[in-house]
1. Taking the residues in segment 350-365 that are among the charged types (D, E, K, R) and either under 20 Å from residue 337 (Cβ atoms) or more than 26 Å from the chain's Cα centre (by Cα) (or both) as candidates, determine which candidate is least open to solvent (accessible area, probe 1.4 Å).
2. Any chance you could count how many residues in segment 32-48 are touching a Phe, Trp or Tyr at 6+ places or on another chain (Cβ under 9 Å) and either of a type in the set (Gly, Ala, Ser) or open to solvent by less than 30 Å² (accessible area, probe 1.4 Å) (or both)?
3. Is it the case that residue 93 is in a helix (DSSP H, G or I), over 24 Å from residue 220 (Cα atoms), free of Cβ contacts under 8 Å to residues at least 12 places away in the same chain and of a type in the set (D, E, K, R)?
4. Please verify whether residue 151 is under 30 Å from residue 363 (Cα atoms), in a loop (DSSP other than H, G, I, E, B), out of contact with any Asp or Glu (no Cβ under 8 Å at 6 or more places or on another chain) and of a type outside the set (Val, Ile, Thr), treating the condition exactly as stated.
5. Any chance segment 282-297 includes a residue that's modelled with pLDDT of 80 or more, open to solvent by 50 Å² or more (accessible area, probe 1.4 Å) and of a type outside the set (Asp, Glu)?
6. When segment 138-155 is examined, which residues are found to be within 12 Å of the chain's Cα centre (by Cα) and either surrounded by fewer than 16 Cβ atoms within 10 Å (Cβ to Cβ) or aromatic (Phe, Trp, Tyr) (or both)?
7. Does at least one position in segment 156-173 carry a residue that is open to solvent by less than 40 Å² (accessible area, probe 1.4 Å), free of Cβ contacts under 8 Å to residues at least 40 places away in the same chain, among the small types (Gly, Ala, Ser) and part of a helix (DSSP H, G or I)?
8. Based on this model, can you work out whether residue 227 counts as out of contact with any Cys (no Cβ under 6 Å at 6 or more places or on another chain), farther than 21 Å from residue 160 by Cβ and buried (at least 20 other Cβ atoms within 10 Å of the Cβ)?
Amino acid sequence: ISACLVGSEMCIRDSFWGPPGDFGPCGPCSEIFYDWGEEYGCGPDCEPAHDCFRFLEIWNLVFMQLYQDEQGKRTPLPRANIDTGAGLERIARVLAGAPSPYETDLFQPIVAAIASTVGGDYGENEEDTRIVRTIADHARAVTFLIADGVLPSNEGRGYVVRRLIRRSVYYGRLLGREGAFLARIAAAVVARMAPYYPHLEEQRVNIETTLTVEERQFGETLEGGIARLDGLIRSLEGQGDALPGEEVFRLYSTYGVPRELTIEIAARHGLRVDEEGFERELERERERSRAAAGFRSTVVSDARLRLAGAGRGGRFVGYDAAETDTTIAGLLRDTALLDRAALGDPVQVVLDETPFYPEGGGQIGDRGEIRTETGVVQVED
């Protein structure tokens, strides 16, 4: 049953929460809505199922009592439970009477930093407002991710960080911002959230430097990539509705423009992307990389920039071992790479692999020792 408060009466409709995929636990659910009032509705028959701004879902409770198999058959679970989820920022929005979460005091300092640093007519121009909100959301996300040790890369979680950064840079260009700006926005995120997440302040220099390095790297190639994409879009006028997959892959591999960003830009012009063609080119590149790997003993990468920007190590082996033999890949003081460190120097040590668990997810960082032939480092965090 889905229930929503409408004035002093309740409206009821059937509601069922399906499994997360084709199969899994499921059950009926109760959804709680906040009613902003008739003036925000779409007419006299307005209800929560309608796509308008009157009703805001703030809470739901799923009565997990069934299991749906791959054929769609549902059977009772051996133990029933209630899966509940509340939207913290939605509740904050209701309490503040704000038109969106971005007008609450959670986001306002971040939005203000974007307006002063990047520009845009926030609240006056619909497109500018959307762009500023997107940058605010992405900046907050990457600030926390980098603080938790997730660095920009071309795979896994690191690729999510890279995509968010590069999308923010592109949106900044749409508002006319040419230089690096994300570090300033991250500083506003840290200032707002550090009282509740102290590790953000501890990682502030690393966060800001990582963002600056990544933004400058992408900024150097962005103009060329966007110019090429604009040319492709113009060439398709009246000639087709899809960007060729090999061209989309070239934008990704040569200019660093994520496929998702190309899809978004193409959609603005009523075009789609040949994703099958992109996947074919991507697989060919993987095959070439695998073949070349047999003839290489080392891999050249942006490790130096990552060391200077993040102060984080490589592969984590702590689930399998409490100690390990490894190589010191770098020494840093703040963001400066060092050739050596003397007795009593506070430093950051970057290892090729590490058994030390970093602070995150409610667990404090490991402590211990790093021993070499020439000295011992006490690991405090």
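1. 353
2. Of the residues in segment 32-48, 4 are touching a Phe, Trp or Tyr at 6+ places or on another chain (Cβ under 9 Å) and either of a type in the set (Gly, Ala, Ser) or open to solvent by less than 30 Å² (accessible area, probe 1.4 Å) (or both).
3. Criteria not met by residue 93.
4. When the stated conditions are applied, residue 151 passes them.
5. Yes, segment 282-297 contains at least one residue that is modelled with pLDDT of 80 or more, open to solvent by 50 Å² or more (accessible area, probe 1.4 Å) and of a type outside the set (Asp, Glu).
6. 144
7. Yes, segment 156-173 has at least one match.
8. Judged against the criteria, residue 227 is not a match.
The values are calculated or read from the model by the stated rules, or taken from the named source; none is laboratory data. The model shown is predicted, which means the values in this text are computed figures rather than measured ones. Cβ coordinates were reconstructed from backbone atoms using ideal geometry, including for glycine residues, and neighbour counts include every protein chain displayed. Each accessible area value is taken on the protein alone, full model and side chains, heavy atoms only, with ligands, DNA and RNA left out. Shrake-Rupley method; radii C 1.70, N 1.55, O 1.52, S 1.80 Å.
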